[in-house]
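Written below as structure tokens is the structure these notes are about.
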Amino acid sequence: KLAMEFPSENIFLVTASPVIKAITNFKQVSKTLEEFDVEEQPSSLLEKRYPNIKVIQSGVKQLKSDEHKIFTEDGKEYIYEKLCLCAGAKPKLIFEGNPYVLGIRDTDSAQAFQKNLAQAERIVVVGNGGIALELVYEIQGCEVIWAIKDKAIGNTFFDAGAAEFLIPKLTAEKRETPMECKRTKYTTEGIEEKDRPIAASGKLGSALGPDWHEGLHLKGTKEFSHKVHIEILCEVKKIHLQQEFIQLQRTSLTFPKEEKNVEPDEVLWPVYVELTNGKIYGCDFIVSATGVVPNVKPFLDGNHFAVGEDGGLKVDKHMHTSLPDIYAAGDICTASWEPSPVWHQMRLWTQARQMGWYAAKCMAADTLGESIDLDFSFELFAHVTKFFNYKVVVLGKYNAQGLGLDHELMLRCTKGQEYVKVVMQNGRMMGAVVIGETDLEETFENLILNQMDLSAYGEDLLNPDIDIEDYFD
């Protein structure tokens, strides 16, 4: 975007990765919903397309904002007129520095995970967001103990009802053929295996986008398909290595079978997980899929950035940080303007793309001394993804975020086919979760955006015999 706006200016892209993430097959599904592929491409392609862009492959060691300089790890320094920080976020590991704890957030960590899984008989997955959900669904031939701190799975994206709708898919032995994957395959294409820099632990790879597990062979050693046991309302209290566990003289549990009481485990495992509910399970390794923290560390030293409660760099509605000529976009930033009543920030690919595009527009407007309005994509929270082979669309305050008790829910559910939930407040639609192929998302988007009073329709709003699209499109 900047390269197009300022063809005669030099634009530097500083990245520690040998590849860049490019958005391809972009499709505007509706006013605010968008689908796209995320592809890794060699940075030379970007430089070919825009001769004024130079990609510098090195991490940033230091930022001196008062001197308008950045220093890279390869010992060079660069002076900037305007700087946008887009360093993303890093996995929030439950325990740092434990070789049996794997964090999954980027392509390199997904590959490390696949190598470990090939030898695994049992793993423990900790976390309840999108990556944990997909992971647990995709893993075959390996026992999975899934520890979640909530009452129901997928709490980040939907409620207990939606979780109940999806759970049968976890236990189904027969896997249906996957829907054709319309988005992305994650490979570091074009870089020979031997030339590919190994992401040392602590080095950040690039974030996983939608469908990151496609093309990864997620299969353990056992012949069965799915074996998932969910431990709810608990977190990891301690991790014991095998030797420590033997000295503790405590009992670990076998994989729970429904008809039997839980029995003590005779097998010795490399590592043991003690949960806050008192249970201990042995496993081959632990996957920490517990969200991310903004990657601000390289930039804070010696600079007085205003930082949000979630650890991100605070940005105003023009993506400005608190320091002159420095902008931020994506997972590293915290939106600190007064948001629309049906938008909230969530560290997702869709928002990172929107923020990056809008930050470039803001940088251009500031440089040219023009004014600019807040981008329309921040009017309504809208995200489309896929869980357990179902299309999942979440809109607005889909989990009644911040609405207190002053709201009501309407539901429509056809087992194995669709789950539709809308969040209503004072007769107006504030949010929705739509699972399955319903074609309702555009209608709901319009109803949330125009805040029409729907009281007159009552329960009929979700009556499958009434085609509400005809009313409201």
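The values are calculated or read from the model by the stated rules, or taken from the named source; none is laboratory data. No experiment lies behind these values; they were computed from the predicted model shown. Positions of Cβ are generated from backbone atoms using ideal geometry, with glycine treated the same way; all protein chains shown enter the neighbour counts. The protein model used for the area step is the full one, side chains on, heavy atoms only, and it has no ligands, DNA or RNA in it. Shrake-Rupley method; radii C 1.70, N 1.55, O 1.52, S 1.80 Å.
Pairs K64/K314; K27/K115; K237/K386; K64/K361: which are spaced more than 26 Å apart, C-alpha to C-alpha? Mind dumping the intermediate values first?
On the way: K64/K314 18 Å; K27/K115 34 Å; K237/K386 31 Å; K64/K361 24 Å.
Table pairs above 26 Å Cα-Cα are K27/K115; K237/K386.
Using DSSP to call loops (not H, G, I, E or B), can you name the GluC sites (Glu not before Pro) in region 26-103 whose Cβ has at most 13 other Cβ atoms within 10 angstrom? Each step should come with its number before you reach the end.
Details: sites: E34, E35, E39, E40, E47, E67, E73, E77, E81, E96; in loops: E73, E81, E96.
Listed in order of number, the matching sites are E73, E81, E96.
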Notebook entry, point to check: How much solvent-accessible surface does R250 expose, in Å² to the nearest 10, with a 1.4 Å probe and all protein chains in place?
Noted result: 100 Å²
Next item on the list: Read phi for every residue in region 270-275 and hand back ³J(HN,Hα) as whole Hz from Karplus 6.51 cos²θ - 1.76 cosθ + 1.60, θ = phi - 60°, with x for Gly and Pro.
Entry: x, 8, 10, 10, 9, 8
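Can you give the FRET efficiency for S58 and D301, using 1/(1 + (r/R0)^6), R0 = 22 Å, r = Cβ-Cβ distance, to the nearest 0.05?
Values: r = 18 Å, r/R0 = 0.80.
Given R0 = 22 Å and the Cβ-Cβ separation, E is 0.80.
For region 234-311, state which GluC sites (Glu not before Pro) are in a DSSP loop and have at most 15 other beta carbons lying within 10 Å of their beta carbon.
Working: sites: E235, E244, E258, E259, E266, E274, E309; in loops: E235, E258, E259, E266, E309.
Counting only loop positions with at most 15 other Cβ atoms within 10 Å, the GluC sites (Glu not before Pro) in region 234-311 are E235, E258, E259, E266, E309.
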Notebook entry, point to check: What whole-number value in cubic angstrom gives the convex hull volume per residue for the C-alpha atoms of region 389-471?
Noted result: 92 Å³
Item checked: Members of K169/K227; K227/K421; K1/K76; K90/K297; K238/K297 lying beyond 21 Å, as alpha-carbon distances in this model show -> K227/K421; K1/K76; K238/K297
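So for region 391-432, what percent of the C-alpha to C-alpha distances run longer than 12 Å?
Values: 486 of 861 pairs.
The share of Cα pairs beyond 12 Å in region 391-432 comes to 56 percent.
With +1 on each Lys and Arg Cβ and -1 on each Asp and Glu Cβ, how big is the dipole of region 389-471 about its Cα centre, in debye rounded to the nearest 20?
Values: 6 positive and 15 negative charges, 97 e Å.
Roughly 460 debye, rounded to the nearest 20.
Show I79, I104 ordered by accessible area, largest first, where the area counts protein heavy atoms only and the probe is 1.4 Å.
Numbers: I79 125, I104 10 Å².
Final ranking, largest accessible area leading: I79, I104.
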